[in-house]
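The structure appears below as structure tokens.
The values are calculated or read from the model by the stated rules, or taken from the named source; none is laboratory data. This structure is a prediction, so every number in the text was calculated from the model and none was measured. With ideal geometry, Cβ positions are generated from the backbone for all residues, glycine too; neighbour counts draw on all protein chains shown. Keep in mind that these areas ignore ligands, DNA and RNA; they rest on the heavy atoms of the full protein, side chains included. Shrake-Rupley method; radii C 1.70, N 1.55, O 1.52, S 1.80 Å.
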Amino acid sequence: MTARNITRFWEWGRKIICVGRNYADHAKELKNAIPTEPVLFLKPPSAYVREGSPILVPLYTSNLHHEVELGVVIGKGGTAIPQAAAMEHVAGYALCLDMTARDVQDECKSKGLPWTLAKAFNTSCPVSEFIPKERIPDPGSVNLWLKVNDQLRQSGCTSQMIFSIPYLISYISDFITLEEGDLILTGTPKGVSAVQEHDELQAGIEGVVTMSFRVDRQD
């Protein structure tokens, strides 16, 4: 078996673990309580989409939202990882979008049902190129932004996160074994809003990476 290439983690990584409501202002804008422990949900690897391919609006939603996030790429697996050792398990990062069918999520929340259809559909996780760990020496102080049709919608810093990356890695690994190639989405700052067919999304990590995606309607 050939060695797996971590810089193409989206081709073989087995899971995407997402953290909801990790920025207080975003929790507030959706009228959610600020969490006292991480809110977790999953996306399958089939959610990945790369630049050059479109984000597809599922047929069952009329309110698709963008959420820009810092993704953490796991380079060394583990279970019950202590916070002090957490960063040893990080291979690098990626700029990611957590595309969300907000109307479907709201309905699921009102019925006490899982968010899977709102979060895990095909193309719900646009992802940038792999960012080596050394290019982001302090992941706790990273500026993220997102524009729709050149209009700035989201701008925030990972210093605003409620739960830090070492805490998240430790917390998640207590319940879910982390494996090489896994991606952790660390939450989104405020400013989420709807996108429409033919919109152009641009997102970036200041001074590190940018990416662009077009929105299309699912056939």
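Somewhere in segment 168-175, is a residue in a loop (DSSP other than H, G, I, E, B), modelled with pLDDT of 95 or more and touching a helix residue (DSSP H, G or I) at 6+ places or on another chain (Cβ under 8 Å)? No, the conditions are met nowhere in segment 168-175.
Taking the listed residues Ala3, Ala27, the one that is at pLDDT below 95 and over 23 Å from Val192 (Cβ atoms) is Ala3, with no other qualifying.
Is segment 9-22 home to any residue that is outside any strand (DSSP E or B), closer than 20 Å to Thr177 by Cα and open to solvent by 60 Å² or more (accessible area, probe 1.4 Å)? Step through it out loud before you land on a result.
Initial filter on segment 9-22 (outside any strand (DSSP E or B)): 9-15, 21-22.
Next cut, closer than 20 Å to Thr177 by Cα only: 9-15.
Then keep just the ones that are open to solvent by 60 Å² or more (accessible area, probe 1.4 Å); that gives 11, 14.
Yes.
Tell me, please, whether a residue that is open to solvent by less than 40 Å² (accessible area, probe 1.4 Å) and closer than 30 Å to Gln218 by Cα can be found in segment 77-89. Within segment 77-89, none of the residues are open to solvent by less than 40 Å² (accessible area, probe 1.4 Å) and closer than 30 Å to Gln218 by Cα.
Tallying residues that are of a type outside the set (Val, Ile, Thr) and either touching an Asp or Glu at 6+ places or on another chain (Cβ under 7 Å) or closer than 24 Å to Phe163 by Cα (or both) within segment 107-141 yields 20. Of all residue pairs spaced 6 or more apart or on separate chains, those with beta-carbon atoms under 8 Å, a first member in segment 9-29 that is on the phi < 0 side of the Ramachandran plot and a second member that is hydroxyl-bearing (Ser, Thr, Tyr) are Trp10/Tyr48; Ile16/Tyr48; Val19/Thr186; Asn22/Thr186; Asn22/Thr188; Tyr23/Thr188; His26/Thr188. Within segment 138-156, is even one residue among the acidic types (Asp, Glu) and under 16 Å from Arg21 (Cβ atoms)? No, that holds for no residue.
When every residue of segment 184-202 is checked against the conditions, at least one turns out to be farther than 26 Å from Trp12 by Cβ, among the acidic types (Asp, Glu) and in a strand (DSSP E or B).
Please go through segment 66-76 and give me each residue that is under 24 Å from Trp145 (Cβ atoms) and either open to solvent by 20 Å² or more (accessible area, probe 1.4 Å) or hydrophobic (A, V, I, L, M, F, W, C) (or both), ordered by number. Spell out the reasoning first.
Filtering segment 66-76 down to residues under 24 Å from Trp145 (Cβ atoms) leaves 66-73.
If the condition is that a residue be under 24 Å from Trp145 (Cβ atoms) and either open to solvent by 20 Å² or more (accessible area, probe 1.4 Å) or hydrophobic (A, V, I, L, M, F, W, C) (or both), then Val68, Leu70, Val72, Val73 are the ones that fit.
Filtered by the rule that a residue be open to solvent by 40 Å² or more (accessible area, probe 1.4 Å) and in a loop (DSSP other than H, G, I, E, B), segment 30-46 gives Leu30, Lys31, Ala33, Ile34, Thr36, Glu37, Pro44. Could you please find all residues in segment 58-108 being out of contact with any Leu (no Cβ under 8 Å at 6 or more places or on another chain), among the hydrophobic types (A, V, I, L, M, F, W, C) and part of a strand (DSSP E or B)? Selection gives Leu64, Val90, Ala91. Scanning segment 148-164 for residues being assigned to a helix (DSSP H, G or I) and open to solvent by 70 Å² or more (accessible area, probe 1.4 Å) gives a total of 2. Among residues belonging to segment 114-147 that are farther than 18 Å from Leu70 by Cα and outside any loop (DSSP other than H, G, I, E, B), point out the one that is most open to solvent (accessible area, probe 1.4 Å). The qualifying residue most open to solvent (accessible area, probe 1.4 Å) is Leu117.
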